[in-house]
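The values are calculated or read from the model by the stated rules, or taken from the named source; none is laboratory data. This is a predicted model, so every value here is computed, not measured. Every residue, glycine as well, gets a Cβ built from its backbone with ideal geometry; the counts of neighbours run over all protein chains shown. Ligands, DNA and RNA are stripped out before the accessible areas are found, and what is left, the full protein with its side chains, is counted by its heavy atoms. Shrake-Rupley method; radii C 1.70, N 1.55, O 1.52, S 1.80 Å.
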Amino acid sequence: MARYFDVHPQDPQPRAITQAVKIVLDGGLIAYPTDSCYALGAQVGNRDALDRIRNIRRLDDKHHFTLVCRDFAQLGQFVNIGNDVFRSIKAVTPGGYTFILPATKEVPKRLLHPKKKTVGVRIPDNRVVQALLAELGEPLLSSTLLLPDEEDPLTQGWEIKERLDHQVDAVIDAGDCGSEPTTVIDFSSGVAEVVRRGTGDPSRFE
């Protein structure tokens, strides 16, 4: 059964955050809120958790996983980013965007798009996630909590606990954080391409 943490969305309880991060560091898979919708999260190098995410969401090897980062210093360790692209991303970060960029050697190969060698990265504007990332000290491997054959992501922590009780190790409930995923911008060619429209305004990248 999954541990259940009911946390305040603006001032998450430090003890709950510490316990949730311990589960991640022990190899666990968590469901947690972001500034767009709930997501599945695990340690970047955790192969077992990666397979569990693939199974829960029925993903193929072309799916872009996301590294959720605390700040640009962390983000810069995992993707190659030129000055022009950096300025474009900096202008809308933190926020509801995921950016697809060429990965550095710090990213495990199994997380990369098999042909493009890219990975998704984002810096969320959400106090619960920021608290998790500060405690963890590294990015979270992440994927939107959108179940197979369903159009909308799950939005309620109690429902996630009910439906995924034996598939995740913890659920962090900070209330409804919306059902719209991030806007995805692909910078892998050096030029912005809007791949998915979501919470972030895509107009500045069109």
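Laid out as a table, the results:
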{"item": "Top-ranked residue of segment 71-83 - restricted to ones that are free of Cβ contacts under 8 Å to residues at least 40 places away in the same chain and part of a helix (DSSP H, G or I), ranked as most open to solvent (accessible area, probe 1.4 Å)", "result": "ASN83"}
{"item": "Strands (runs of 3 or more DSSP E) wholly inside segment 1-70 that include at least 2 residues being of a type in the set (Phe, Trp, Tyr), over 22 Å from THR182 (Cα atoms) and within 17 Å of the chain's Cα centre (by Cα)", "result": "none"}
{"item": "Residue count for segment 117-157, restricted to those that are farther than 27 Å from VAL195 by Cβ and either of a type in the set (Lys, Arg) or without any contact (Cβ under 8 Å) to a residue 24 or more places away in the chain (or both)", "result": "3"}
{"item": "Segment 103-116 residues that are buried (at least 17 other Cβ atoms within 10 Å of the Cβ), paired with ones that are part of a loop (DSSP other than H, G, I, E, B) (beta carbon under 7 Å, 6 or more apart)", "result": "ALA103/LEU112; ALA103/LYS117; LEU111/PHE65; HIS113/LYS62; HIS113/HIS64"}
{"item": "All positions within segment 42-65 that are crowded, with 18+ Cβ neighbours inside 10 Å and either of a type outside the set (Gly, Ala, Ser) or free of Cβ contacts under 8 Å to residues at least 40 places away in the same chain (or both)", "result": "GLN43, VAL44, ASN46, LEU50, ARG52, ILE53, ILE56, HIS64, PHE65"}
{"item": "Matching residues, segment 25-43, being among the hydrophobic types (A, V, I, L, M, F, W, C), at pLDDT below 95 and farther than 16 Å from ILE160 by Cα", "result": "none"}
{"item": "Residues of segment 119-138 satisfying the condition of being buried (at least 22 other Cβ atoms within 10 Å of the Cβ) and over 25 Å from ASP176 (Cβ atoms)", "result": "VAL119, VAL121"}
{"item": "Unmet criterion (only one of (1) open to solvent by 20 Å² or more (accessible area, probe 1.4 Å); (2) at pLDDT 95 or above; (3) closer than 28 Å to ARG87 by Cα) for GLN167", "result": "(3)"}
{"item": "Residue list for segment 84-102, restricted to those being surrounded by 21 or more Cβ atoms within 10 Å (Cβ to Cβ) and among the small types (Gly, Ala, Ser)", "result": "GLY96"}
